[in-house]
Amino acid sequence: MHPHNGLRSIPRLLTGVALTLGTVAATGLVLATPAAASPAHTPASLVQKITGPNSPNNTYGRWNVKATDLGILWDNGSGQTMALFGDTFGDAWIGPGGGAFGAGDLNWRSNVLLRSTDTNLADGMSFASAVTAADGRAREILPGLHQPDNTGEVTKIPTAGIAVGARQYVSFMSVRHWGAPGQWTTNYAKLAYSDDNGTTWSTTNTPTWNNPSFNDQFQMHAFERRDGYLYVFGTPSGRSGSIRLARVPEAQVLTQSAYQYWNGSSWVTNNVAAATPIVGAPAAELSVRYDAYSGRWLMMYLSGEDIILRTATSPTGPWSGAQIAVSSADYPGLYGGYIHPWSSGGNIYFAMSQWDPYNVYLMKVRINTAGQLVDPNLMGDPSFERGALNGTGTGGFWACKGNCGLDSGYWGYTGVRNGYARYNSGWHDLHQTVNVTANTNYQLSGWLRTSPNSDNGFFGVRGTNDVVIAEANFRAVGPWTRFTVNFNSGSRTAVTVFGGVWTDHGDIWVQLDDFSLTRV
């Protein structure tokens, strides 16, 4: 979504030596990378990469969706989840990041729409179909003009989607100019609708929020339906604005004069200037859902460098204090946070984008009936992005047994780093000691892959006395694969999570990423 020019390191060798092989120029359209990482802990767990290379969905091979972002999710009313993505690139995208392009067919699309019928989100989100062109590639549903920056329209970026009856509605922004990181200007925000499940869309005489002075407060939207109304939560273009609120009767979504704006105490019809903030700045890329489990409205969005969650018993508020769901220290360059409409029972699934490697991941947090985050991921540095090991593996740090370290050349499942162990004799692992509650059931999960000659590896949890509690054995693992181990803590109040390999049959390695340890 944001043009970026700069140098990018070619991936490093898989060894403990940080050897940079060279640099390449990277240019393209991306969302800005946060300036600095928040030190906060990440309660969320990563479930699955849902787009791009290394995704079980194979969106690249099926629809030429190699690199993309956002992932706005809504229920289409007939058993499918719609997933609407932003700027999307194909064959010539070489990564890392949102714009490292090689020679050939870039296949840039401003937006693409995939569909899912997957009801078991615990193991990821699969896609069944896409809106495609005659060549089978996912096509733009809202064609962007792709004009030069600051001369007209660079791209059309979706910001919200909802079904009212059999009709699908989407809101999008027409981007005019990409400025400094987190800043951009728009020509307008506008609604589109589809009566054929998203295959074709109309924007003729639909509600439009024009932005001639670049200060309109409803350029990016979030939608939710309740009590006969469509609620529209809005922010200005960029990532520095406050959140305001409008609503419209469901039968009048296409009638702009029917929109009512919340002025802090009452609804004012057809007067966008009357809208006052319901949540203060900074906020962007909103997602709002009414959650039946807690009886609360959930609002997830990018605030500064982190994805946060707020809750309220009414859309007008008051909204709770911010709860950090994902920290940028663990997932640098994160954005989005689009709640899956089939989240239930306190399990909140959401789509998170990451600038490196410019794709989308399904994440999960848990809330209680008061809307508070509970049962967090207990792992420190779950994605190895904080970039440090210590000798003890305590205090939220990883440690080595034998030869191990951190890869920092875009090898990982997420981000730019992952853990590894490698040698040609003996046992080698990465491990971390984590505090737990006694006599409690837990699930450990993590992603790993190995060298082709790996013949005896283990992923699991042991006591602080090195006695194994539960583990999974693996051999050669090709693509990144998720492993899970369930266990009861017994009388223990601390356990050691580990992943490693025996390397007695040649040069053998294992790479590890995105660990989660949660109560079940």
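Every number here is computed from the coordinates shown, using simple stated rules; none is lab data. Please read all numbers here as calculations on a predicted model, not as lab measurements. Please note: Cβ atoms are built from the backbone with ideal geometry, for glycine as well, and neighbour counts cover all protein chains shown.
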So if R0 is 35 Å, what FRET efficiency would THR392 and TYR293 give, r being the distance between their Cβ atoms, rounded to the nearest 0.05?
0.35
What is the extension gain from ASN488 to ALA40, computed as 0.36 nm multiplied by their sequence separation minus the C-alpha to C-alpha distance, in nm to one decimal?
158.5 nm
Radius of gyration and maximum dimension Dmax of segment 415-520, Cα, Å
13.7, 41
Amide H of SER237 versus every other amide H placed in the peptide plane: which residues, excluding those fewer than 5 positions away on the same chain, fall under 5 Å?
GLN219
Under a plain spin-label model, where a point goes 7 Å from the Cα along Cα-to-Cβ, how far apart in nm are THR269 and ASP135?
5.0 nm
For segment 258-282 versus segment 146-222, the gap between their alpha-carbon centres in whole angstrom
20 Å
Estimated vicinal HN-Hα couplings, Hz - segment 74-80 in sequence order (Karplus 6.51, -1.76, 1.60; Gly, Pro = x)
8, 7, 7, x, 9, x, 10
Cα atoms only, segment 34-170: Rg and Dmax in Å?
16.0, 47
Where the centroid of each part is defined by its Cα atoms, how far is segment 355-375 from segment 73-87 in Å?
18 Å
Could you work out how much longer the chain between LEU145 and THR313 gets when fully extended? Use 0.36 nm per residue separation minus the Cα distance between them, nm to one decimal.
56.4 nm
Taking the reciprocal of mean 1/r across every pair of different Cα atoms in the chain, the Kirkwood radius in Å is 23.6 Å
Per-residue HN-Hα couplings for segment 116-123, Karplus 6.51 cos²θ - 1.76 cosθ + 1.60 at θ = phi - 60°, whole Hz, x for Gly and Pro?
9, 10, 6, 9, 9, 7, 4, 10
Full-extension gain in nm, SER126 to ALA258, via 0.36 nm per residue minus C-alpha separation
43.7 nm
Once R0 is set to 60 Å, what does the formula 1/(1 + (r/R0)^6) return for the Cβ-Cβ distance between ASP227 and VAL467, expressed as a FRET efficiency to the nearest 0.05?
0.60
